[in-house]
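S.K.: Submitted below is the structure of interest, expressed as structure tokens.
The values are calculated or read from the model by the stated rules, or taken from the named source; none is laboratory data. It should be emphasised that the depicted structure is a prediction, and the values quoted were computed from it without experimental measurement. When we count neighbours, we look across all protein chains shown, and the Cβ atoms used for this are built from the backbone with ideal geometry, even at glycine.
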Amino acid sequence: MTNTIAFLESNTTGSGNEFLRQTILLGCQPLLLSADPALYPSLPPMTSVMRIDTASGAATLAARLRPCALAGVLTTSSYYSLRAAELAEDLGLPGPDTKAVRQCVHKYRQRQTLSLAGVPQPGYRFCTTVDEALEAARALSFPLVLKPVEGSGKVGVSLTRNRQELEAWAGALSLQRVNERGGPVAPGFLVEEFFRGREFSIEVFHGRPVAIVQKTCCAPRFVEESHVTPPARLSLASRRTLEQLAVRAITALGLLWGPAHVEARLSSHGQAVIIEVNPRLAGGNIPQLVTHATGLNLIAETIQAATGHPAALDPVWCRAAAIVFVFARQRGTLSAVDGLEVARTLPGIQTAESYRQPGDPICLWGDFRDRVAYAIAVANTPLIALRRARAAAATIHLEIKS
């Protein structure tokens, strides 16, 4: 029986290579399917690569891949979640329900589905023009969040506080035709109420909440600056509120197979709303945090699920883990990332790494692509873990030439 697991494209940072490494550790052969393998210059050894038009329909891909007798199909790129689910279905392999993924990856259809199920979420409007966005603003009132109907990593997301900001951002979104990977984007964008409160993600696997992560992010672009699990100062009642909300959301969407990344906000009065649901494992190194905090390897469990093996979702231990990101603050060319070695020697630091290499261009996108490096720390409490990660991140310095 074959032990080859196909990955339909991949993240270029974060968990992409970690999935490939874990596949090898599990005794399987990773096969990266890519239209442009040059996007992945640093693949783990033993990774096979097949150049293939990944924009093709699932049936076409399945016909090409059926002779390979694959053991499983996955993707670590949000833009290929639906195609990977369809491909797994066409090949008769385990995977999420394709209808559920289809309505989830389109954020307006996701909002509609959650609304019909009565799941709490901010008020929203679907728009295609600046005039429609202004009409939505009159109904919802400022401040408002604008976001594309497809995408991830906070790409294209922004808080708008007045008419001028809304017109500018709505105009940009209405003209967007391709995503950062060069693929086509669905027309339209969402105008949503800004719900004030702490932001969390609830990591769910096979319909069961397995971890809650607290996020630190700043308006107007909301890209996360840090994560910590378990959250600091979160009461048992609030934890249950978030877990129950996440289960309601994924049940309404039909995402009961494998991983789901549920983002929510919790007000100071204990009210929680869904920000969005993603039909995939979390990014931002969150799976690694969960492993450091609990011993639960969500990447390995996702690979096992894709090959039909049962999940093992009970934590091995209980401690806290945090990650703090180092961001580029100017455009130019990265010449060096200094201080990683020092960061790794600090108390509690598990890893300190750079996403980028000297010579890489720095563009300042205002989203996850501005992250250059990170530090992960562990401790007995969330606050100490976060303090350690911040101390390590502070030792990392970027040299960027204009």
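S.K.: What helices (runs of 4 or more DSSP H) lie completely within segment 1-97 and have 3 or more residues being among the polar types (S, T, N, Q)? Working first, answer last.
M.R.: Working: elements: 15-25, 58-65, 81-90.
Qualifying helices (runs of 4 or more DSSP H): 15-25.
S.K.: Could you list, in sequence order, all residues of segment 158-179 that are buried (at least 17 other Cβ atoms within 10 Å of the Cβ) and closer than 21 Å to Cys218 by Cα?
M.R.: Matches in segment 158-179: Ser158, Leu159, Thr160, Glu165, Leu166, Trp169, Ala170, Leu173.
S.K.: Return the total of residues in segment 258-303 being in a helix (DSSP H, G or I) and not charged (D, E, K, R). Even if it seems obvious, please write down each step before you answer.
M.R.: Of segment 258-303, the ones in a helix (DSSP H, G or I) are 286-294, 298-303.
Still in the running and not charged (D, E, K, R): 286-294, 298-300, 302-303.
Residues in segment 258-303 being in a helix (DSSP H, G or I) and not charged (D, E, K, R): 14 in total.
S.K.: Let me confirm something: among Ala6, Ala38, which residue is of a type outside the set (S, T, N, Q), out of contact with any Phe, Trp or Tyr (no Cβ under 6 Å at 6 or more places or on another chain) and crowded, with 22+ Cβ neighbours inside 10 Å?
M.R.: Working: Ala38 fails: crowded, with 22+ Cβ neighbours inside 10 Å.
Step by step, each of Ala6, Ala38 is checked, and only Ala6 is of a type outside the set (S, T, N, Q), out of contact with any Phe, Trp or Tyr (no Cβ under 6 Å at 6 or more places or on another chain) and crowded, with 22+ Cβ neighbours inside 10 Å.
S.K.: Would you pick out the residues in segment 114-142 that are of a type in the set (Ser, Thr, Tyr) and closer than 21 Å to Val247 by Cα?
M.R.: The answer is Ser115, and nothing else.
S.K.: From the list Glu341, Glu353, pick out the single residue that is in the same structural domain as Gly258 (by TED's automatic domain parsing), without any contact (Cβ under 8 Å) to a residue 12 or more places away in the chain and touching a strand residue (DSSP E or B) at 6+ places or on another chain (Cβ under 9 Å).
M.R.: Glu341
S.K.: Collect the residues in segment 157-171 that are under 23 Å from Glu224 (Cα atoms) and basic (Lys, Arg), keeping them in residue-number order.
M.R.: Matches in segment 157-171: Arg161 only.
S.K.: Would you pick out the residues in segment 131-157 that are crowded, with 17+ Cβ neighbours inside 10 Å and among the aliphatic types (A, V, I, L, M)?
M.R.: Within segment 131-157, Ala133, Ala136, Ala137, Leu140, Leu144, Val145, Leu146, Val149, Val155, Val157 qualify.
S.K.: Can you work out which of the residues in segment 65-88 that are in contact with a helix residue (DSSP H, G or I) (Cβ under 7 Å, 6 or more places away or on another chain) and either surrounded by fewer than 19 Cβ atoms within 10 Å (Cβ to Cβ) or among the polar types (S, T, N, Q) (or both) is nearest to Ile250 (Cα to Cα)?
M.R.: So the residue we want is Ser81.
S.K.: Taking the options Arg198, Arg221, Arg233, name whichever one is surrounded by fewer than 21 Cβ atoms within 10 Å (Cβ to Cβ), among the charged types (D, E, K, R) and farther than 21 Å from Pro122 by Cα.
M.R.: Among Arg198, Arg221, Arg233, only Arg233 is surrounded by fewer than 21 Cβ atoms within 10 Å (Cβ to Cβ), among the charged types (D, E, K, R) and farther than 21 Å from Pro122 by Cα.
S.K.: Taking the options Ala84, Ala38, name whichever one is aliphatic (A, V, I, L, M) and farther than 25 Å from Asn3 by Cβ. Lay out the reasoning, then the answer.
M.R.: On the way: Ala84 fails: farther than 25 Å from Asn3 by Cβ.
After ruling out the rest, the residue left standing is Ala38.
S.K.: For Thr251, state whether it is surrounded by fewer than 21 Cβ atoms within 10 Å (Cβ to Cβ), over 18 Å from the mean Cα position of the chain (by Cα) and more than 30 Å from Gln121 (Cα to Cα).
M.R.: Against the criterion (surrounded by fewer than 21 Cβ atoms within 10 Å (Cβ to Cβ), over 18 Å from the mean Cα position of the chain (by Cα) and more than 30 Å from Gln121 (Cα to Cα)), Thr251 does not qualify.
S.K.: Give me the residue from segment 356-394 that is part of a strand (DSSP E or B), among the hydrophobic types (A, V, I, L, M, F, W, C) and under 19 Å from the mean Cα position of the chain (by Cα) and, out of that set, surrounded by the most Cβ atoms within 10 Å (Cβ to Cβ).
M.R.: It comes out as Ala375.
S.K.: What is the residue count in segment 304-355 for residues that are surrounded by 15 or more Cβ atoms within 10 Å (Cβ to Cβ), part of a loop (DSSP other than H, G, I, E, B) and at pLDDT 95 or above?
M.R.: 6
S.K.: On the given criteria, is Gly118 assigned to a loop (DSSP other than H, G, I, E, B) and in contact with a Phe, Trp or Tyr (Cβ under 6 Å, 6 or more places away or on another chain)?
M.R.: no
S.K.: Still on this model: For segment 7-18, how many residues meet the condition of being in contact with a Leu (Cβ under 7 Å, 6 or more places away or on another chain), at pLDDT 90 or above and closer than 18 Å to Leu298 by Cα?
M.R.: Result for segment 7-18: 1.
Here's the yes/no breakdown for (1) in the same structural domain as Leu296 (by TED's automatic domain parsing); (2) small (Gly, Ala, Ser); (3) touching a residue at least 40 places away in the same chain (Cβ under 8 Å):
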{"position": "Ala322", "(1), (2), (3)": "yes, yes, yes"}
{"position": "Phe325", "(1), (2), (3)": "yes, no, yes"}
{"position": "Ser335", "(1), (2), (3)": "yes, yes, yes"}
{"position": "Ile362", "(1), (2), (3)": "yes, no, no"}
{"position": "Phe368", "(1), (2), (3)": "yes, no, yes"}
{"position": "Arg371", "(1), (2), (3)": "yes, no, yes"}
{"position": "Ala377", "(1), (2), (3)": "yes, yes, yes"}
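S.K.: Being under 23 Å from the mean Cα position of the chain (by Cα) and of a type in the set (Gly, Ala, Ser) narrows it down to one of Gly348, Gly332, Gly284, so name that one.
M.R.: Of the residues listed, the single one that is under 23 Å from the mean Cα position of the chain (by Cα) and of a type in the set (Gly, Ala, Ser) is Gly284.
S.K.: Could you give me the residue pairs with C-beta distances under 9 Å whose first residue belongs to segment 277-298 and is within 20 Å of Leu386 (Cα to Cα), whose second residue is acidic (Asp, Glu) and assigned to a strand (DSSP E or B) wherever it lies, and which are 6+ apart or on separate chains?
M.R.: Filtered contacts from segment 277-298: Ala282/Glu203; Gly284/Glu224; Ile286/Glu203; Pro287/Glu203; Val290/Glu203.
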